[in-house]
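FYI, it's all coordinate maths here, none of it is from the lab. Just so we're clear, the structure is a prediction, and the values are computed from it rather than from any experiment. We place every Cβ from the backbone using ideal geometry, glycine too, and count neighbours over all the protein chains shown.
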Amino acid sequence: MGELPGIVITGASGRMGQMLIRSVVASDKARLVGAVVRAGHDWAGRDLGALMGVGHGVVVTDDALEAFAKAQAVIDFTTPEATLEFAELAAQARATHVIGTTGFTDAQLEALKPAAFHAVQVRAGNMSLGVNLLTQLTKKVAQALDEDWDIEVIEAHHNRKVDAPSGTALMLGEAAAEGRGITLADHKESGRDGITGAREKGAIGFSAIRGGDIVGEHDVLFAGMGERIVLRHIATDRGIFARGAVKAALWGQDKEPGQYDMMDVLGL
Ligand SMILES: NC(=O)C1=CN([C@@H]2O[C@H](COP(=O)(O)OP(=O)(O)OC[C@H]3O[C@@H](n4cnc5c(N)ncnc54)[C@H](O)[C@@H]3O)[C@@H](O)[C@H]2O)C=CC1
Ligand SMILES: O=C(O)C1=N[C@H](C(=O)O)C[C@H](O)C1
């Protein structure tokens, strides 16, 4: 039997970075071969075992290229700017690049594409099974209802989150738009404040709550006259995102270069 696929985690000291390290170490289908932090971070050069109590023998580095050269997959939950750099390096190393990072601009999403000519890229605003199922349900409900039903996506996250609406909220909004046969960009309404005027018919609205240690909560509200439907997902443990990302890294091993998402991985 050959060696298990080697995985590098970027943003190793972050909330998701640490969760991902624990998930790879706990997996019997993958090996942790590297942990990358940003340049000058005080974890660089230190053994993960001493820092986290797991991953003994893996020395944290700020040299992503060197780390990626030893890997079959890179799992990356960092920032859009860092992910763009890592996409090029993962392509050079022909390593599957699993991207959990959110908050990309349209131009940044466009800039991710060339790397996918050379390596598998799996990107999703949410890597959990539950949210990906909810996305499918959202599309189905939106397909069944007409514009008399107002669609609102409401999300809540911890007070350290820097982007809004969340990547998940955008995924759900895209699914609702697809179900309704419209383009989200033309119907997105977020950040209401002041005298906004009446709600535009057919809009897909977004609201973001930030507070405390909320892991991630998403409601898709279909509001009609005299009745409402609410589809809801509540995450209570970041392990759901990490396990999904490890699954994606393994799934990518025998795929052709290109851009994929968690629907592909989960076969939904
Ligand atoms: N797709 C999904 O299922 C999920 C996505 N996320 C997304 O993942 C991202 C990270 O979230 P958190 O872990 O909560 O944030 P965090 O702020 O705790 O961690 C991000 C880490 O990236 C590191 N970083 C930044 N630039 C870097 C560089 N150039 N090289 C190496 N490391 C670098 C930071 O030092 C930090 O440790 C966010 O965009 C978040 O929305 C979070 C949870 C689930
Ligand atoms: O930043 C987070 O924490 C999360 N980000 C993702 C998002 O933007 O949707 C996924 C999850 O909700 C947690």
**Asked** Rg/Rh for the chain: what does it come to with C-alpha atoms and Rh from Kirkwood?
**Response** 1.00
**Complete:** Exposure-ranked with fewest Cβ neighbours within 10 Å first, W149, W43 stand as W149, W43
**Message:** Net charge around S190, counting only other residues with Cβ within less than 11 Å of its Cβ (Lys, Arg = +1; Asp, Glu = -1)?
**Reply:** -2
**Fill in**
Restricting to lysines and to Cα separations under 19 Å from K113, and discarding same-chain partners fewer than 8 apart, the set is K255
**Prompt:** P(r) for the range 129-235: what percent of alpha-carbon pairs falls in each 5 Å bin, starting at zero?
**Reply:** 2, 13, 25, 24, 20, 11, 5, 1
**Asked** Roughly what angle does helix 80-93 make with the longest principal axis of the chain, taking Cα atoms, 0 to 90 degrees, to the nearest 10?
**Response** 50
**Asked** Ordered by residue, what ³J(HN,Hα) values in Hz, to whole numbers, does the range 241-249 give under the Karplus form 6.51 cos²θ - 1.76 cosθ + 1.60, where θ = phi - 60° and Gly and Pro are x?
**Response** 6, 5, 5, x, 5, 5, 4, 5, 4
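Calculate the tail of P(r) for the range 96-139: the fraction of all Cα-Cα distances greater than 16 Å, expressed in %.
Summing the P(r) tail past 16 Å for the range 96-139 gives 48 percent.
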**Request:** Write down the percent of antiparallel bridges among all DSSP beta bridges whose residues are both part of the chain, to the nearest 5.
**Result:** 35
**Asked** Relative to the longest principal axis of the chain, what angle (0 to 90°, nearest 10) does the C-alpha long axis of helix 15-26 take?
**Response** 60
**Prompt:** Mind listing which trypsin sites (Lys or Arg not before Pro) in the range 186-260 are in a DSSP loop and have 12 or fewer other Cβ atoms within 10 Å?
**Reply:** R192, K201
**Asked** How much mean residue ellipticity at 222 nm does the chain get from its helices, if each DSSP H run of length 4 or more adds -39500 (n - 2.57) and you divide by all residues, to the nearest 500 deg cm²/dmol?
**Response** -10000 deg cm²/dmol
**Fill in**
Treating every alpha carbon of the range 8-151 as one equal point scatterer without solvent, the Debye formula yields log10 I(q)/I(0) values at q = 0.09, 0.17, 0.18 Å⁻¹ of -0.33, -0.93, -1.01
